[in-house]
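K.L.:
Following this message is one structure expressed as structure tokens.
Each reported figure results from applying straightforward, stated rules to the coordinates on display, with no laboratory input. Please read these numbers as outputs of a predicted model, since none were measured by experiment. With ideal geometry, Cβ positions are generated from the backbone for all residues, glycine too; neighbour counts draw on all protein chains shown.
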Amino acid sequence: MRREPSGRRDADFEAYLRARQPALLRTAYLLTGDRHTAEDVLQTSLAKLYLAWDRVHDRGAVDAYVRRIMVNEHHSLWRRPWKRREHVREELPDTAYRDSYDDGQAEALWEVVRSLPPRARAVVVLRFYEQLTEAETADVLGVSVGTVKSQCSRAVAALRERVPAHLHPASPEEGR
């Protein structure tokens, strides 16, 4: 196996990071539902990618490789016992200030998505946010296409049941 010179390897990796890091962070956030956890998952995933950078021969498939690492990292995070413990606090943490107007719909919808189990949320994020095909989603998650179809169907049905009426888009008949 021939290794690239260290300078070129680092430059290639840095160029990839500059181009793809914001999109990968968004994906990690959608998988985890928490900005800090998303940053941790992404950082760990990128460190693992860096270690394997010489073995990634198809540079067009790097995003798929990183998404797979992120999904695996996220799964190993929620399997850890300390994640299942509740943390009681005397005071509620301060909420972040938003500079732009927010009618609350995005946050309300995100709360519904976060109510899905982690596996179902991963399927929804990969299929609808990342716009991966069923086969690509199955490959990233390491499951069969049929499993992706069934989990996606169940997740969408659950979302339809859980979404409050005021968040449903208006039907064509209502606009007439």
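K.L.:
Quick check: residue separation of Arg160 and Trp110 times 0.36 nm, minus the Cα distance between them. What number comes out in nm?
P.N.:
Additional length available on full extension: 16.7 nm.
K.L.:
Compute the FRET efficiency between Tyr129 and Ala15 as 1/(1 + (r/R0)^6), taking r as their Cβ-Cβ distance and R0 = 22 Å, and round to the nearest 0.05.
P.N.:
That pair, Tyr129 with Ala15, gives E of 0.35.
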